[in-house]
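Structure first, commentary second.
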Amino acid sequence: MKQKILLFFLLVFLLVLSPGGVSLQASSSASRREIGQTVAATVTVQQDTERNRREWLTEKQQLQADIHALELESRLLSVRVRRLKEYRSQRLEEIARLRAGLEEMKAIGLELDPYLDELTGRLEELVAHDLPFDRQERELRLRQLRDELNRYDCRLAEKLRRVAEVLKIEAGFGRGFEVSEEDLLLDGAATTVQVLRLGRVGLYYLTLDGEQAGWFNRTTGHWEALPRTYHEAVKEALRMALKQRAFDLVRLPVSAGGGQP
């Protein structure tokens, strides 16, 4: 029995010392290296996978944020598009109204231009036959108005504005009163007098010494002396116009059919 055991260990020893045994040992070492390389490669793959996973998660979060922002922008744009459609519809209606208004204004303009010319002619006739106050200024104003109407480059709206302006001025003369100092030809001599204008009702004068009073007779178109019974009334009217006394009723002549006070 002991001999068999010794023989077994001898054979093992020989196998270890033999070239085949060395080869077996070398093969084991190579396998360990391969296993180590495989493990290292596996670890590298796991590290790369983890890094890619983190990068993907970051990218996913960014994409989700971008998608959310795009959804908000899409809703906002939808609202804006709807409102713009409503605005467009409103603007189209407004444009249609304006076009209709323009057509109407063109039609009115065809009638308005000759009417303004006719109205200016009436104003010229009014001033020519009106009481002789501010005659030069009023005639100059009308000449300028006529020049404006005859200008080819003057727009219809500007013509209308100018005519309305002159009408307003002339209408204003029919209200209130005015006192001025003028030189009138009385009895063939230039005489300085105070002239009282009561709207368009009448013009009255009083000499500076208060001895003579008169009025402008529309019928005759001349300045004429008034009877002495009216002198005090003219004086009182002048004082009231100059705010030298309280307003009160006075009796003054106006032109009648025969031109007599």
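The values are calculated or read from the model by the stated rules, or taken from the named source; none is laboratory data. Keep in mind that what you see is a predicted model, and the values were worked out from it rather than measured. Please note: Cβ atoms are built from the backbone with ideal geometry, for glycine as well, and neighbour counts cover all protein chains shown.
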Practice task
Hey, can you tell me all the residues within region 121-141 that are within 37 Å of the chain's Cα centre (by Cα) and surrounded by 16 or more Cβ atoms within 10 Å (Cβ to Cβ)?
Solution key: Leu123, Arg138, Arg141
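Between Arg162, Arg197, which is under 20 Å from Leu123 (Cβ atoms) and assigned by TED's automatic domain parsing to the domain that holds Leu119?
None of the other options fit; the residue is Arg162.
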Practice task
Keeping to region 147-178, report how many residues are more than 28 Å from the chain's Cα centre (by Cα) and either surrounded by fewer than 16 Cβ atoms within 10 Å (Cβ to Cβ) or of a type in the set (Asp, Glu) (or both).
Solution key: 14
Problem - In region 202-249, the residues that are within 53 Å of the chain's Cα centre (by Cα) and in a loop (DSSP other than H, G, I, E, B) - result: Arg218, Gly221, Leu242, Lys243, Gln244, Arg245, Ala246, Phe247, Asp248, Leu249
Practice task
Within region 184-205, identify whether any single residue is in contact with a Gly (Cβ under 9 Å, 6 or more places away or on another chain) and either more than 30 Å from Arg228 (Cα to Cα) or aromatic (Phe, Trp, Tyr) (or both), and answer yes or no.
Solution key: yes
Problem - Test result for Ala157, modelled with pLDDT under 90, out of contact with any helix residue (DSSP H, G or I) (no Cβ under 6 Å at 6 or more places or on another chain) and part of a helix (DSSP H, G or I) - result: yes
